[in-house]
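Q: One structure coming up, written as structure tokens, with questions to follow.
The values are calculated or read from the model by the stated rules, or taken from the named source; none is laboratory data. The model shown is predicted, which means the values in this text are computed figures rather than measured ones. Note: ideal-geometry Cβ built from the backbone for every residue, glycine included; neighbour counts use all protein chains shown. Just so you know, the surface numbers come from the protein's heavy atoms only, side chains and all, with ligands and any DNA or RNA stripped out. Shrake-Rupley method; radii C 1.70, N 1.55, O 1.52, S 1.80 Å.
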Amino acid sequence: MGTFNFNGDVNAGIIGDNGTINIGQQDTAAETLRLAAELAQWLRDQGAAPSRIEAADVLHGELDRAAQERRRAEPGVIRRSLETITLGLGAGSSGLALAQEISRLVTG
């Protein structure tokens, strides 16, 4: 266990955005794209409804195009895709965890 000493008050104002500290590798478009591919495969493996699989493919496609064009992914496409994918997914499921992480990476 490590010990960290701070000289003064510790609050979100000195730590960073939303009180988080990022140490190590930072989130990248490649990581988000990898997670989107993993989510699409998970949905296929689970025998998800075709509409969810299609939404996962749309999500992956938008993230891929955005990375190739060096632009931010279209928020509306991402939001609609994630909403379709997550409808009815069980709390604590791998699919929901993947979708939440993608959302965090894209909006964070």
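Q: Output the residue which, of all residues in the range 32-53 that are part of a helix (DSSP H, G or I) and of a type in the set (Gly, Ala, Ser), is surrounded by the fewest Cβ atoms within 10 Å (Cβ to Cβ). Show your work before the answer.
A: Initially, the range 32-53 is screened for residues part of a helix (DSSP H, G or I), giving 32-45, 50-53.
Filter again for of a type in the set (Gly, Ala, Ser), leaving 36-37, 40, 51.
Values: 36: 29, 37: 17, 40: 23, 51: 11.
Out of the qualifying residues, it is 51.
Q: Among (1) open to solvent by less than 80 Å² (accessible area, probe 1.4 Å); (2) not in a helix (DSSP H, G or I), where does residue 72 come up short?
A: (1)
Q: Please pick out the residue among 78, 15 that is hydrophobic (A, V, I, L, M, F, W, C), surrounded by 11 or more Cβ atoms within 10 Å (Cβ to Cβ) and at pLDDT 90 or above. Reasoning before the result, please.
A: Values: 15 fails: at pLDDT 90 or above.
The conditions single out 78.
Q: Then there is this: Limited to the range 18-31, what total is found for residues that are farther than 30 Å from residue 87 by Cβ and either modelled with pLDDT of 50 or more or open to solvent by 70 Å² or more (accessible area, probe 1.4 Å) (or both)? Write out each step before concluding.
A: Quick first cut of the range 18-31, residues farther than 30 Å from residue 87 by Cβ only: 19, 21-26.
Going one step further and asking which of them are either modelled with pLDDT of 50 or more or open to solvent by 70 Å² or more (accessible area, probe 1.4 Å) (or both), we end up with 19, 21-23, 25-26.
Here the count works out to 6.
Q: Could you look through the range 84-95, keep only residues that are open to solvent by 30 Å² or more (accessible area, probe 1.4 Å) and assigned to a helix (DSSP H, G or I), and pick out the one that is farthest from residue 42 (Cα to Cα)?
A: 84
Q: Moving to a separate point now. Please verify whether residue 56 is assigned to a helix (DSSP H, G or I), modelled with pLDDT of 90 or more and open to solvent by less than 70 Å² (accessible area, probe 1.4 Å), treating the condition exactly as stated. Steps first, please.
A: On the way: assigned to a helix (DSSP H, G or I): yes; modelled with pLDDT of 90 or more: yes; open to solvent by less than 70 Å² (accessible area, probe 1.4 Å): yes.
Yes.
Q: Name the pairs: first residue in the range 84-99 and in contact (Cβ under 8 Å) with a residue 12 or more places away in the chain, second residue among the small types (Gly, Ala, Ser) and surrounded by 18 or more Cβ atoms within 10 Å (Cβ to Cβ), Cβ to Cβ under 6 Å, at least 6 apart or on different chains?
A: 84/55; 85/55; 85/56; 85/99; 86/99
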